[in-house]
1. Go through region 6-51 and give me each residue that's of a type in the set (Phe, Trp, Tyr) and in contact with a Lys or Arg (Cβ under 8 Å, 6 or more places away or on another chain).
2. Within region 40-90, can you find the residues that are of a type in the set (Val, Ile, Thr) and within 15 Å of Leu11 (Cα to Cα)?
3. Can you name every residue in region 12-22 that is out of contact with any Leu (no Cβ under 6 Å at 6 or more places or on another chain), assigned to a strand (DSSP E or B) and surrounded by 18 or more Cβ atoms within 10 Å (Cβ to Cβ)?
4. Within region 62-82, take every residue that is surrounded by 14 or more Cβ atoms within 10 Å (Cβ to Cβ) and either assigned to a strand (DSSP E or B) or among the polar types (S, T, N, Q) (or both) and give me the one that is farthest from the chain's Cα centre (by Cα).
5. Is it fair to say Val35 is surrounded by fewer than 19 Cβ atoms within 10 Å (Cβ to Cβ) and free of Cβ contacts under 8 Å to residues at least 24 places away in the same chain?
6. Only one of these conditions is not met by Ser50: (1) in contact with a strand residue (DSSP E or B) (Cβ under 7 Å, 6 or more places away or on another chain); (2) part of a helix (DSSP H, G or I). Which number is it?
7. I'm trying to understand the selection: among the residues of region 60-92, which are at pLDDT 95 or above and among the hydroxyl-bearing types (Ser, Thr, Tyr)?
8. Among the residues of region 14-73, which ones are within 19 Å of Pro85 (Cβ to Cβ) and among the polar types (S, T, N, Q)?
Amino acid sequence: MGAKLTGVVRLAVRVHPRSSRSRLCWDGQTLEAWVTAAPTAGAANQAVVSAIAEWLNVSRSAVRLVKGHRGRAKVFELEGLTILPPAVLPGGPAQGS
C-alpha cells in the first residue's frame with residue numbers, strides 16, 4: 001500500500017478585525033488579512049480561515065490555526081500545499097472582495 005504524500009506549509013498572518021471590508025494582501029512572507037468580523041468568540045479567526053481557504057483554493061479543513069488564537073499575529077498550517085504563491089502587489093489577485 002502506498003502512502004499518500006501531502007505537504008504542510010506554515011503561513012504567518014497579521015489580522016485586522018472589524019475592518020470596513022474584507023481583503024488580503026500577500027507580500028511573500030506575511031499575509032495581511034482584513035476581516036469584518038469582530039474578535040469575539042473566534043469569529044475573526046473563522047473569517048480568516050475562510051478567506052485563506054478561498055484565496056488558496058483549498059478546503060477550510062485544510063487551514064488550521066496553530067499559534068496566536070487571541071492575538072493579531074497568527075500562524076496557520078495549510079495541508080495539501082508544498083509552496084505558497086509568489087508575492088502580489090497591492091491591488092493584485094490576493095485582494096478579497
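The values are calculated or read from the model by the stated rules, or taken from the named source; none is laboratory data. Keep in mind the model is a prediction, meaning the values are calculated, not measured. So basically every Cβ, Gly included, is an ideal-geometry build from the backbone, and we count neighbours across all protein chains shown.
1. Of all residues in region 6-51, those of a type in the set (Phe, Trp, Tyr) come to 26, 34.
Hit for region 6-51 is Trp34, nothing else.
2. Filtering region 40-90 for residues of a type in the set (Val, Ile, Thr) gives 40, 48-49, 52, 58, 63, 66, 75, 82-83, 88.
Selection gives Val48, Val49, Ile52, Val58, Val63, Val66, Val75, Thr82, Ile83.
3. Val15
4. Glu79
5. Details: surrounded by fewer than 19 Cβ atoms within 10 Å (Cβ to Cβ): no; free of Cβ contacts under 8 Å to residues at least 24 places away in the same chain: yes.
For Val35, the condition - surrounded by fewer than 19 Cβ atoms within 10 Å (Cβ to Cβ) and free of Cβ contacts under 8 Å to residues at least 24 places away in the same chain - is not met.
6. (1)
7. Across region 60-92, the qualifying residue is only Ser61.
8. Once the filter is applied, which keeps residues that are within 19 Å of Pro85 (Cβ to Cβ) and among the polar types (S, T, N, Q), region 14-73 yields Ser22, Gln29, Thr30, Ser50, Asn57, Ser59.
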